[in-house]
Amino acid sequence: MKKVIFVISLIIASVTLASAQRLAYVDSEYILKHIPEYTTAQKQLDDLSTKWQAEVDKQYEEIEKLYQAYQNDQVLLNEDMRRRREDEIVNKEKQVKDFQRQKFGFEGDLYKERIRLIQPVQDRVSKAIQELAKSESLDLILDKGSEIAILFANPSLDKSNDIITKLGLKPNPSLAN
């Protein structure tokens, strides 16, 4: 009997504590769309990525031409010449893969550029969120735009426009998803 009373009082205490928490959510994608520096940085990153991908594609086309030429000439080549041409093709493929890794790989040039351009904007947004949480005594702020699944969100809990205003910008509802 004491265990049942303990369990019931534990459930009541947890429900009381849970209801005492204040929470809100923001849509980080919506907020970021309002920040001109973010839009500019994203365009720069897209342009850089497109440029580097074009270089990779061009190098793969050159490798394909070398391979086609090798296929056409293979019958006429002696063993030593065949080996040299094969090595040339393999080395070029290795160079292209190294270039791809250097530009697009984990902690590659694109990643470093993304950190350099986007991190300051994200830091500003994070600081504004923390200030809002303190000023409104919020215990928890979720991000609607992240990978957390929010099945229902009361619009009165959405503080995205407050964050945009805190950043010195004017909310634009047309940028919402």
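The values are calculated or read from the model by the stated rules, or taken from the named source; none is laboratory data. Just so we're clear, the structure is a prediction, and the values are computed from it rather than from any experiment. Remember, those area values only see protein heavy atoms, side chains included, never the ligands or the DNA or RNA. Shrake-Rupley method; radii C 1.70, N 1.55, O 1.52, S 1.80 Å.
By accessible area, using a 1.4 Å probe on protein heavy atoms only, segment 73-177 has 51% of its surface on carbon and sulfur.
Here residue 121 sits with roughly 10 square angstrom of accessible surface, probe radius 1.4 Å. A probe of 1.4 angstrom, applied to the heavy atoms of all protein chains, finds residue 139 with accessible area near 100 square angstrom.
Full extension of the chain between residue 90 and residue 72 gives 4.7 nm of extra length, using 0.36 nm per residue less the Cα-Cα distance.
Under 5 Å between amide hydrogens, built in the peptide plane, is the criterion, and for residue 142 it picks out 24, 25, 26 among residues at least 5 positions away or on other chains.
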